[in-house]
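Enquirer: Just passing along the structure, written as structure tokens.
Laboratory data are not the source of any read-out in this text; all were calculated from the coordinates shown. Computed from a prediction, not measured in an experiment: that's the story for all the values here. Positions of Cβ are generated from backbone atoms using ideal geometry, with glycine treated the same way; all protein chains shown enter the neighbour counts.
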Amino acid sequence: MAKTLEELASTVISDYVTRRMSVFDPGDTASRVLGELKETGRYEALVSSGTKVGLVTVRDLLDVDQSTQTKIEGLWRTLTPIESENTFRGVAEALISDNMRAFPVVEHRKLVGIISQVEIVAAMVDVPELKAYPAKDYVKRPVATLDSGEKVAQARRMMLERGISHVPVVDSGKLIGVVTAMDIVHTFITPGSRMAMGDKTGEKLTRFPGQVNGVMDDQPLAIGLNASILEAVKGMRNRGKSACVMVDENGAVLGILTPREVLVILKGAEPEELPVSILGLEGEGFFEKEIAEEKVRRVVIRNMRIHPDINQVSIRIRRQQNSGERARYQIAARVLSPTEQFNASTEGWDLLASFDDLLEALDATLKRAKRGQPKTARRGRGRI
């Protein structure tokens, strides 16, 4: 049944709780949990001990050596449960603030089930107005990717170090799959697994042999730049995917969208703006800083189709007093991503005109530079 976004945000979660789930004890082995997760296809399992409740997740199991001997007492995380009369907005706020994918749910202090991002995404499919929400405003970037020939062990290490569960896999710069924590856990950490040994006594074989293209999902959910949040959540629900990858017209990865990024819509938060810093405007009262920042932001965002990992922009204005009362301005821009840096500069007597010249120079620099190649500074034309 179709709902408005506000109606869904205000809906209590009771009817959306997954109630038929096994509840594990901290003394249970990882192998028992693995069997449950593989059978149900879930990412997390409930754990209870006395008055404490919590979860153990697939990513918690990534570092398990011997699943039949490892107890989950050192893996699970205790959590304050969610009441079944809580709303979707309340759950979204809790998931974001605690950086969790799911919460145990209680009724009258009794553990009754779990509410997760999966149930939330499924419910958001019934909100037609999400068609007006551009997915590009919410995708996470920069995105860690792996080439198809990279080792599974590298994917696992990346997930543990960065706290992520999805890594897009590329071949010649194009998306060909996604490797997930579930792919790795269910392939290599089976309920009956043991540490492999080599032909020589005491020689260990790699725990995670092979390349990521051998375990990845080779039918990833991909969306284009013009996709809406509604298109994304429908794709995730209908195809049983836990993430979708935004790509350009050539198949290059631009960003990734998981249920976590979608939660901010229910919470009522605005998508995070590209940070723009302008220094040196003190004393230039006629120059509106907010307007200038938005001008810079528009130029950079327009070029993020080519350079999607840009995450910081800074502008520095230097005022040089010459003869008389006239001042000359030097303006320099620096745009950064984790792997690239772009520079542009200009100077002139008129601050507003010189600032517009800087934006033209920066736009040209970003358009001309190809991803992965060295960037050279460009000086814009001055105004005399």
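Enquirer: Roughly how many nanometres apart are two label points built 7 Å out from the Cα toward the Cβ at Q219 and N99?
Expert: About 3.4 nm separates the two model spin labels.
Enquirer: When the label point is put 7 Å from the Cα of T187 along its Cα-to-beta-carbon vector, which residues of region 44-71 have a backbone N closer than 14 Å?
Expert: Within reach of a label on T187, which here means backbone N under 14 Å from a point 7 Å along Cα→Cβ, region 44-71 contributes nothing.
Enquirer: Tell me, what is the percent relative contact order of the chain, built from C-alpha pairs under 8 Å that lie six or more residues apart?
Expert: So the answer I get is 13 percent.
Enquirer: Between the alpha-carbon centers of region 326-342 and region 107-174, tell me the distance in whole angstrom.
Expert: Going from one Cα centre to the other spans 34 Å.
Enquirer: Can you work out the FRET efficiency for the pair V264 and D363, with r the C-beta to C-beta distance and R0 = 41 Å, to the nearest 0.05?
Expert: 0.90
Enquirer: Here's another thing I want to ask about it. Tell me which aspartates and glutamates have Cα within less than 13 Å of K38's Cα, excluding those fewer than 8 residues away on the same chain?
Expert: Leaving aside aspartates and glutamates fewer than 8 places away in the same chain, those within reach of K38 are D183.
Enquirer: Grab the Cα-Cα distance for D25 and E83, subtract it from 0.36 nm times how many residues apart they are, and report the gain in nm with one decimal.
Expert: Between D25 and E83, full extension yields an extra 18.7 nm.
Enquirer: Now for a different question. With contacts defined as alpha carbon pairs under 8 Å and 6 or more residues apart, what's the relative contact order of region 5-118 in percent?
Expert: 31
Enquirer: Using only Cα atoms, locate the centre of region 292-311 and the centre of region 40-75, then give the distance between them in Å, rounded to an integer.
Expert: Centre-to-centre distance over Cα atoms comes out at 42 Å.
Enquirer: Next up: Among M100, Y133, A361, whose Cα lies farthest out toward the positive end of the dipole of the chain, if unit charges sit on the beta carbon of Lys, Arg (+1) and Asp, Glu (-1)?
Expert: Sorting the options by dipole projection puts first A361.
Enquirer: While we're here: Okay, which of region 234-266 sit inside 15 Å, backbone N to the point 7 Å along the Cα-Cβ direction of A122?
Expert: 234-242
Enquirer: Take the Cα of R316, step 7 Å along the line toward its Cβ, and report every residue of region 329-357 whose backbone nitrogen sits under 18 Å from that point.
Expert: Correct set: 329-337, 341-348, 355.
Enquirer: Let me ask something else. For every other residue with a beta carbon closer than 12 angstrom to the beta carbon of G251, add +1 if it is Lys or Arg and -1 if Asp or Glu, then tell me the sum.
Expert: Net local charge, G251 excluded: -2.
Enquirer: A further question on this structure: With runs of 4+ DSSP H residues as the only contributors, calculate the mean residue ellipticity of the chain at 222 nm using -39,500 (n - 2.57) per run, divided by the residue total and rounded to the nearest 500.
Expert: When only DSSP H runs of four or more count, the value is -8500 deg cm²/dmol.
Enquirer: Charges only on Cβ, +1 for Lys and Arg, -1 for Asp and Glu: so what's the dipole of the chain about the Cα centre, in debye to the nearest 20?
Expert: 980
Enquirer: Here's another thing I want to ask about it. Express in nm, to one decimal, how much length is gained between L160 and S14 on full extension, taking 0.36 nm for each residue of separation and deducting their alpha carbon distance.
Expert: Fully extending the segment from L160 to S14 adds 49.3 nm.
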